[in-house]
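Just dropping this structure here.
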Amino acid sequence: MSTPETISLKSRQLINFCRTLTLDGDISDEDAWELGNFLNENPECCDEWPGDELASLLSKIFANGSVAEYELKQLASKLGSIEKKAFKIFNKEQIADSIESFSPYDCILPSIPTVVSIKSDSNPDESYSVDLSVSSCSCSDWYGARRHFQPNSLNRCCKQVAYALHKIKKGSEYPEWLQRLIDECRHSKKGLNPKARWTMVLVKNSPVIVSSGTGDWINVYAHYDGYFSKFGYNLKEQRWSYGMRPYYSATIKAALGIQ
C-alpha cells in the first residue's frame with residue numbers, strides 16, 4: 001500500500017506509540033513484542049499505512065518464535081522510514097492549515113511552519129534557506145535591507161521568500177492580493193520594495209493594497225475585470241498612470257486620505 005496524503009486518527013495513534021519505542025534510540029525484542037501486541041489489540045491499524053507494513057514485517061520476524069538481531073535492525077530501519085514519511089505528511093498538513101487559516105484582511109505575509117531551500121537564480125550550485133514562519137532568508141538582500149522589519153512584514157519579502165511561498169502552496173490558495181504580489185516577484189525576479197510603506201484599505205469589503213513612501217508615485221493593487229491588478233497614481237500630479245484606474249478609485253483615494 002502506498003503512503004497516503006493524510007494520516008487517520010488510528011494511524012496517528014500507532015505512530016505515536018512507535019515513537020515511545022524509539023525514544024532511547026534502540027529497538028529490543030521486548031519493543032518488537034509490544035508493537036505486535038499493540039497491533040493485535042488494534043487490528044484496524046493494520047488496514048492502512050503504516051500498520052499494514054509493520055504487520056507484514058512483524059509476521060515474518062515472529063515466524064520462528066524468536067527475534068534475531070538482524071530482524072531488530074530491519075524493524076528499526078522500518079520505524080525510521082515511517083517516522084520520516086510521517087513527518088513529511090504532518091508538515092504538509094501544517095502548511096495547508098496555515099495557508100487556509102491566513103486572513104485575507106491582514107497586510108502581512110503568512111506564518112507557515114516550514115523551512116524551504118531555494119536555488120540561486122544566478123548560481124545553480126548555491127541555495128538559500130527560507131524560514132517561512134518569520135519570512136526570513138539567508139540571502140544578502142534580506143540581511144542587508146530586510147532583517148530589521150517585524151516578522152512576516154511585507155518588507156521582508158525578498159525574491160526567495162516569494163519563490164518559497166509559491167513552491168509550498170501546492171493545492172492551497174492564498175488571498176488574491178498576496179498571490180498577485182508573489183507573481184510579481186516571480187516574474188520580475190525581485191523582492192518587494194523594502195523601502196515601501198505597505199497599507200491595506202477595504203473598499204466594498206474587498207482588500208486594496210497600497211505601497212507608498214518611495215516618491216510621488218504609489219502603487220495600488222485592486223480588483224479590475226476579475227483580476228487583482230496593479231495601478232499607479234501620482235500624488236503630486238493627482239493622476240492615474242495612463243489614465244487607468246481601479247474600480248471605486250475615488251473611494252480608494254478617500255480611504256487613503258488623498259484629495
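When you go through (1) over 30 Å from Glu176 (Cβ atoms); (2) assigned to a helix (DSSP H, G or I) one by one for Ser66, which number turns out not to apply?
Of the numbered conditions (1) over 30 Å from Glu176 (Cβ atoms); (2) assigned to a helix (DSSP H, G or I), the odd one out for Ser66 is (2).
What are the residues in the stretch 78-102 that are under 30 Å from Ser206 (Cα atoms) and free of Cβ contacts under 8 Å to residues at least 60 places away in the same chain, if any?
Gln94, Asp97, Ser98, Ser101, listed by residue number.
Here is a follow-up. Using the structure shown, decide if Asp24 is in contact (Cβ under 8 Å) with a residue 24 or more places away in the chain and acidic (Asp, Glu).
Taking the combined requirement at face value, the residue does not satisfy it.
Another question, if that's okay. Which is aliphatic (A, V, I, L, M), out of contact with any helix residue (DSSP H, G or I) (no Cβ under 8 Å at 6 or more places or on another chain) and in a helix (DSSP H, G or I), of Ala76, Ala32?
Going through Ala76, Ala32 in turn, just one is aliphatic (A, V, I, L, M), out of contact with any helix residue (DSSP H, G or I) (no Cβ under 8 Å at 6 or more places or on another chain) and in a helix (DSSP H, G or I): Ala76.
Right, another one. Quick check on the stretch 156-167. Is at least one of its residues out of contact with any Gly (no Cβ under 7 Å at 6 or more places or on another chain), of a type in the set (Gly, Ala, Ser), part of a strand (DSSP E or B) and surrounded by 13 or more Cβ atoms within 10 Å (Cβ to Cβ)?
Scanning the stretch 156-167, I find no residue that is out of contact with any Gly (no Cβ under 7 Å at 6 or more places or on another chain), of a type in the set (Gly, Ala, Ser), part of a strand (DSSP E or B) and surrounded by 13 or more Cβ atoms within 10 Å (Cβ to Cβ), so the answer is no.
Determine the pairs where a residue that is closer than 20 Å to Ile95 by Cα and modelled with pLDDT under 95, located within the stretch 171-189, has a partner that is assigned to a helix (DSSP H, G or I) and among the small types (Gly, Ala, Ser) with Cβ atoms under 6 Å apart, the partner being 6 or more residues away or on another chain.
If the second residue must be assigned to a helix (DSSP H, G or I) and among the small types (Gly, Ala, Ser), the pairs left are Ser172/Ala96.
I need the full set of residues from the stretch 236-252 which are assigned to a helix (DSSP H, G or I) and either of a type in the set (S, T, N, Q) or touching a residue at least 12 places away in the same chain (Cβ under 8 Å) (or both), in order please.
Selection gives Ser241, Ser249, Thr251, Ile252.
For the stretch 36-61, give me the residue count where each residue is assigned to a helix (DSSP H, G or I) and touching a helix residue (DSSP H, G or I) at 6+ places or on another chain (Cβ under 7 Å).
14
Residues of the stretch 176-212 being β-branched (Val, Ile, Thr) and not assigned by TED's automatic domain parsing to the domain that holds Ser229, which ones?
Ile182
Output the residues belonging to the stretch 225-245 that are surrounded by 14 or more Cβ atoms within 10 Å (Cβ to Cβ) and either assigned by TED's automatic domain parsing to the domain that holds Ser153 or over 22 Å from Ile108 (Cα atoms) (or both).
Within the stretch 225-245, Tyr233, Leu235, Trp240, Ser241, Arg245 qualify.
Anything in the stretch 40-77 that is touching a residue at least 24 places away in the same chain (Cβ under 8 Å) and either under 18 Å from Lys10 (Cα atoms) or among the β-branched types (Val, Ile, Thr) (or both)? List them, or say none.
Asn42, Glu44, Cys45, Glu48, Trp49, Pro50, Gly51, Asp52, Glu53, Leu54, Ile61, Val67
Here is a further query. Is it true that some residue in the stretch 209-222 is of a type outside the set (Phe, Trp, Tyr), at pLDDT 95 or above and under 24 Å from the mean Cα position of the chain (by Cα)?
The answer is yes, given that some residue of the stretch 209-222 is of a type outside the set (Phe, Trp, Tyr), at pLDDT 95 or above and under 24 Å from the mean Cα position of the chain (by Cα).
The values are calculated or read from the model by the stated rules, or taken from the named source; none is laboratory data. Being a predicted model, the structure only gives us computed values, none of them experimental. When we count neighbours, we look across all protein chains shown, and the Cβ atoms used for this are built from the backbone with ideal geometry, even at glycine.
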